[in-house]
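Shown next, in structure tokens, is the structure this report addresses.
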Amino acid sequence: MQTLKLLFNQNGLRGSVTIPGDKSISHRSIMFGAIAKGKTTISNFLTGADCLSTISCFRKLGVEIEQTEEMITVHGQGWEGLVEPKEVLDAGNSGTTTRLMLGILAGLPFHSVLVGDESIGKRPMGRVVEPLRRMGASIRGREQGQYTPLAIDGTGLTSIHYELPVASAQVKSAIIFAGLQAQGTTIVKEPQQTRDHTEKMILQFGGSVVKIEDEILIKGKQTFNGTHVHVPGDISSAAFFLVAGAIVPKSEIILTNVGLNPTRTGIIEVLKQMGANIEIETMESIGEETGNIVIRTSELTGIEIGGDLIPKLIDEIPIIALMATQAEGVTIIKDAEELKVKETNRIDTVVGELRKLGAKIEATEDGMIIHGKSSLTGGNVSSFGDHRIGMMLSIAALICREEVELEDPECIAISYPTFFEHLKQLIQ
Ligand code: S3P
């Protein structure tokens, strides 16, 4: 395990960064490419470890996937082209791979086993297994199927009308993938709008999906045709440089090719509400919205963040917490219990590590309270193997008075393999 020494940055961050591909969309492009008939080409695919886990699972399911620097090509042969894997399917650190694969595998006529790393082994899978079982799925696993490893005996599925108990795009998408194979029309009701990349991609691959208010209707027995997918930049990766630009003195950063799907732009709403100096130029696009963003050093004020905004920024809360340490007044983050079941318990890791750097931050049952504006000191911190905690702490180091030693920075490659390269590009 590596440690990295990071130093205070005095001269600001300046320049432009092209944000790498969106993780959620990259996963889904492989999944739809694999179940579609014909060739799917994917440009700007994120080659982070999580998305490579999805590729590896589909290769084991018999799908030919070519990978060059510019393009991924998936040679799909329809649902029936997927064959019983001879080996265990390893989702690595990826919750999206594990949960969405469950929805796909539940309806395929063969046996498969899904495993993941230590963090995946602690994350709740019952929230997916339970509705899939109601559709007729045969899934067994640790603690009655609550945790990986999970063994799936694929079978014919029947549609359900299911109200999600938690706002989760992964659970929604798993049920959608099962519903696409089931007999009848599946209806999924969301308590709050979550990211809708799966729904968008169904249409892109020639399928059908209807949304009526908060219900999503998925016709069963659907087939898809291969297509071209251009993956926009990941706003969840851009978030680290958006906050860096706002809190590091003398900064001006231009971020290009950022995905601006409105189900993901909670971070932009927060930046605006906190008073950030931000400009957005949206681009003409079909399907997923994109744009360029300029962010400059800003005078920020604390706000309250909760309710329907939470699913739109759930992955950005660690970096928002850091931003709040540099805002005047109090920031309250609430309704975010889901943070406890991410790659780490992100309420504990954010509060614990930021405190070590001198932040005034306390944990609550469903979020955290941050008192700003505080001057951060420095010290020894750890990512705990959580990529977003690693990136947040690296940005924190830019405003710390003393050195920051970050344990386990390698995990950042899970979602942003070129993070440090891009950071160096901006440092003056
Ligand atoms: C994701 C959904 C979210 C998010 C994760 C990616 C997806 O998880 O935190 O990083 O691609 O559907 P939940 O569905 O658990 O909220």
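Points worth noting:
- Of the GluC sites (Glu not before Pro) found in the range 394-428, the ones in coil according to DSSP and having at most 15 other Cβ atoms within 10 Å of their Cβ are GLU402, GLU403.
- Dividing the summed -39500 (n - 2.57) terms of all DSSP H runs of n ≥ 4 by the residue count of the chain sets its mean residue ellipticity at 222 nm at -9000 deg cm²/dmol.
- Full extension of the chain between THR263 and ASN11 gives 87.2 nm of extra length, using 0.36 nm per residue less the Cα-Cα distance.
- Positive-end residue of GLY126, SER29, GLY62, charge dipole of the range 23-230 with Cβ unit charges: GLY126
- Within the chain, longest stretch free of exposed trypsin sites (Lys or Arg not before Pro) [DSSP loop, at most 15 other beta carbons within 10 Å]: 251-400
- Extending 7 Å from the Cα toward the beta-carbon at both ARG140 and VAL294 defines two label points whose distance is 6.2 nm.
- Using alpha carbons only, the radius of gyration of the chain set against its Kirkwood radius gives Rg/Rh = 0.97.
- GluC sites (Glu not before Pro) restricted to DSSP loop in the range 115-210 with at most 14 other C-beta within 10 Å: GLU118
- Relative to the dominant Cα principal axis of the chain, helix 387-397 is inclined by about 10°.
- Table column - 3J(HN,Hα) (Hz), the range 56-64, Karplus curve with 6.51, -1.76, 1.60, x for Gly and Pro: 4, 4, 6, 4, 5, 8, x, 8, 7
- The chain: angle of helix 346-356 to the longest principal axis, Cα-based, in degrees nearest 10: 20
- ³J(HN,Hα), Karplus 6.51/-1.76/1.60, whole Hz, each residue of the range 115-128, x for Gly, Pro: 10, x, 7, 4, 5, 4, x, 9, 8, x, 9, x, 4, 9
- Ordering GLN193, ILE218, GLY259 by Cα displacement along the dipole of the range 192-310 toward the positive end leaves ILE218 in first place; charges were set at the Cβ atoms of Lys, Arg (+1) and Asp, Glu (-1).
- Calculated SAXS-style log₁₀ I(q)/I(0) at q = 0.15, 0.19 Å⁻¹ - the range 40-90, Debye, Cα scatterers: -0.41, -0.64
- Full-extension gain in nm, GLU405 to LYS211, via 0.36 nm per residue minus C-alpha separation: 65.1 nm
- Mean projected area (nm²) of the alpha-carbon convex hull when the range 23-230 is viewed from all directions: 9.8
- Euclidean distance between Cα centres, the range 35-66 to the range 231-264, Å: 26
- Seen against the Cα atoms of the chain and their longest principal axis, helix 235-247 is set at about 10 degrees.
- If R0 is taken as 60 Å, the Cβ-Cβ distance between ASP153 and LYS334 corresponds to a FRET efficiency of 0.90.
- Here is the list for the range 1-96: chymotrypsin sites (Phe, Trp or Tyr not before Pro) lying in DSSP coil, each with at most 16 other C-beta atoms within 10 angstrom of its C-beta, are PHE8.
- About the Cα centre, charge dipole magnitude for the range 17-175 (Lys/Arg +1, Asp/Glu -1 at Cβ), debye: 440
- Solvent exposure of the chain as accessible area per residue, Å², 1.4 Å probe: 37
- Along the axis of the charge dipole computed for the chain (Cβ charges of +1 for Lys and Arg, -1 for Asp and Glu, origin at the Cα centre), the listed residues SER168, LEU322, LEU271 are led at the positive end by SER168.
- Student exercise, the chain dipole from Lys, Arg, Asp, Glu Cβ charges, in Debye to nearest 20: 500
- Ligands, DNA and RNA left out, the accessible area of the chain computed with a 1.4 Å probe is 49% carbon and sulfur.
- Length released on extending from LYS373 to GLN67, taking residue separation times 0.36 nm less the Cα-Cα span: 105.5 nm
The values are calculated or read from the model by the stated rules, or taken from the named source; none is laboratory data. The structure presented is a predicted model; accordingly, all values stated were derived computationally and were not measured. Heads up, the Cβs are rebuilt from the backbone with ideal geometry, glycines too, and the neighbour counts pull from every protein chain shown. For accessibility, only protein heavy atoms count, side chains too; no ligands or nucleic acids. Shrake-Rupley method; radii C 1.70, N 1.55, O 1.52, S 1.80 Å.
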